[in-house]
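Shown next, in structure tokens, is the structure this report addresses.
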Amino acid sequence: LDLFASRAARDEAIERVETHAPQEWKARAWTALLKTVRERDEFTTDDIDCPAPPEPRAWGAIMRAAAKKGFIRNTGRVRQSSNPRCHARPKAVWESVR
């Protein structure tokens, strides 16, 4: 197993998904994310009031971009998803940076 190759594959997949996500959804996601940042100290993508993207991994691109811009930071913790479609999988907990 190769951690470097795994991370590179992850980054490539997120970039590919972000490139193909509909512009309308990305705009709605950004608006909803920024509202969540203003209203909550910590959250997961389950807490963002936005319709699900056509490809669930599109949230990864949005969250990474928001972190790079300094709006949020990853806490290093996870919480089980409350979304039935996610089958209670662990989701990153993000901290709002104000």
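Observations
- From phi via Karplus (6.51, -1.76, 1.60), per-residue ³J(HN,Hα) for the stretch 17-24 in Hz, x at Gly/Pro: 5, 4, 4, 9, 5, x, 4, 4
- Recomputing semi-axes √(5λ) of the Cα gyration tensor in Å from the coordinates shown identifies the correct label among [x] 24, 13, 11; [y] 37, 11, 9; [z] 20, 17, 15 as [z].
- Karplus-derived HN-Hα couplings along the stretch 5-15 (A = 6.51, B = -1.76, C = 1.60, θ = phi - 60°), whole Hz, x at Gly and Pro: 5, 5, 5, 5, 5, 4, 4, 5, 5, 5, 5
- Long-range lysine pairs (8 or more apart or interchain), the chain, Cα under 17 Å: 4
- Residues with amide H under 5 Å from that of Arg77, placed H, sequence gap 5 or more: Val93
- Just the protein heavy atoms count here, and of the accessible area of the stretch 1-93 at 1.4 Å, carbon and sulfur take up 52 percent.
- Full extension of the chain between Val97 and Asp41 yields a length gain of 19.4 nm, computed as 0.36 nm times the residue separation minus the alpha carbon distance.
- Base-10 log of normalised Debye intensity for the stretch 4-56 (one unit scatterer per alpha-carbon) at q = 0.17, 0.22, 0.29 Å⁻¹: -0.64, -0.88, -1.06
- Annotation: amide H-H contacts under 5 Å for Ile72 (H modelled 1.01 Å from N, sequence separation of 5 or more, or interchain): Ala67, Val97.
- Put simply, when 29-39, 1-11 are sorted by average Cβ atoms within 10 angstrom per residue, most first, you get 29-39, 1-11.
The values are calculated or read from the model by the stated rules, or taken from the named source; none is laboratory data. Given the structure is predicted, the values throughout are model-derived calculations rather than measurements. Methodologically, a virtual Cβ is constructed for each residue, glycine included, from the backbone with ideal geometry; neighbour enumeration extends over all protein chains shown. To get the accessible areas, we keep the full protein, side chains included, count just its heavy atoms, and leave off ligands, DNA and RNA. Shrake-Rupley method; radii C 1.70, N 1.55, O 1.52, S 1.80 Å.
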